[in-house]
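The values are calculated or read from the model by the stated rules, or taken from the named source; none is laboratory data. Because the structure is a prediction, the values reported are computed rather than measured. Cβ placement follows ideal geometry from the backbone for every residue including glycine, while neighbour counts extend to all protein chains displayed.
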Amino acid sequence: MLYQLAMLRSAVAALGVACAVTRVAAAQVHLDVVPYAGVYVPTAKLVDEPTIPVTFEQNASFALGSRVIVWLPGRLGIEGTFGYTSSGLTQVGDLGSGPHAAHVITASARVVVPVSLAGGPPVFRLGGGVGLVGHGGAGYAGASGATRLAGTVSAGAAFKLGASALTLRLDAEDYLYGAHFSATSFTCTTNLGLCGVVKRDPYTKSRFQNDVVLSLGLAVARGGR
C-alpha cells in the first residue's frame, strides 16, 4: 500500500510538472495569420523549343494569398504560405500565338529566422524550405507536369504601425524548380496551348524556373516578432 501511494504521489507530481511545462511552452508559442496582396513575377520561359519553333511564358500578374507563422520558443518560426494568381500563358511560334487562360498556385513550408540590427527588436526575416508551384487552366490542357516541387527562399521585413498592434509585412518569396511537360493519356484535339506542343514532341526540354512573389501584408504583432 505504501509503495502504491508513493507511486501515485510521484505520478501526480509528474503530471503537475508536465502541465506547468505545457502552459509555459504554450505561452511562448505565437501564431500570426497574414493575408497579403502582391504580384507574381516569373523570370524564365516555361517552354522554348527552337525546332518547332514555339515558346511559352507565364505572365506577371496580381496575386492574393495568406501566410501562417508559428513562432516557437526562441528565434525560429515555421511559416506556411498559399497564393493564387490568374496569370495567363503566352504562346509564340508556328503552332499559333496569343494568350491562353491559365492560373498559378504557389504553396510553401519553410523555417523562418528573425534578424535584429544593432541589438534592436527583430525587423528582418530570412527563410528557406520546400514549395509547390501548380500551373493550371486551358493553356495546360493535354499536358502533364504542370505541378512541380520547388525549393523556396524568402526575405521579409516587418514594421510596427505606431502604438497599435498592427504590423506591416513586406515579403519576397523565390520558387526554384525545373519545368518540363509531356503528353497525358487524354487525346489532344487542338494545336493551341501545350497540347499542340506535346502532339509534335511528347517531351519538352527541362528549363530552370525562378518565380518570385512580392507581397504586402498586414498582421497583428505577437511576441515581438
(request) For residues that are touching a Gly at 6+ places or on another chain (Cβ under 9 Å) and either among the hydrophobic types (A, V, I, L, M, F, W, C) or within 30 Å of His100 (Cβ to Cβ) (or both), tally how many sit in the stretch 136-173. (result) 22
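Suppose the filter is closer than 26 Å to Leu76 by Cα, more than 15 Å from the chain's Cα centre (by Cα) and assigned to a loop (DSSP other than H, G, I, E, B); does Leu117 pass it?
Answer is yes for this residue.
Is there a residue being polar (S, T, N, Q), within 30 Å of Thr204 (Cα to Cα), part of a strand (DSSP E or B) and at pLDDT 95 or above anywhere in the stretch 32-51?
Within the stretch 32-51, not a single residue is polar (S, T, N, Q), within 30 Å of Thr204 (Cα to Cα), part of a strand (DSSP E or B) and at pLDDT 95 or above.
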(message) I need a count of the residues in the stretch 135-167 that are assigned to a strand (DSSP E or B) and at pLDDT below 90.
(response) 7
(request) Being among the aromatic types (Phe, Trp, Tyr) and within 18 Å of Gly38 (Cα to Cα) is the filter; apply it to the stretch 65-104 and report the residue that is surrounded by the fewest Cβ atoms within 10 Å (Cβ to Cβ). (result) Phe82
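Based on this model, can you work out whether Leu132 counts as under 15 Å from Pro42 (Cα atoms) and either among the hydrophobic types (A, V, I, L, M, F, W, C) or not in a strand (DSSP E or B) (or both)?
yes
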(message) Yes or no: the stretch 59-76 includes at least one residue that is modelled with pLDDT of 95 or more and assigned to a loop (DSSP other than H, G, I, E, B).
(response) yes
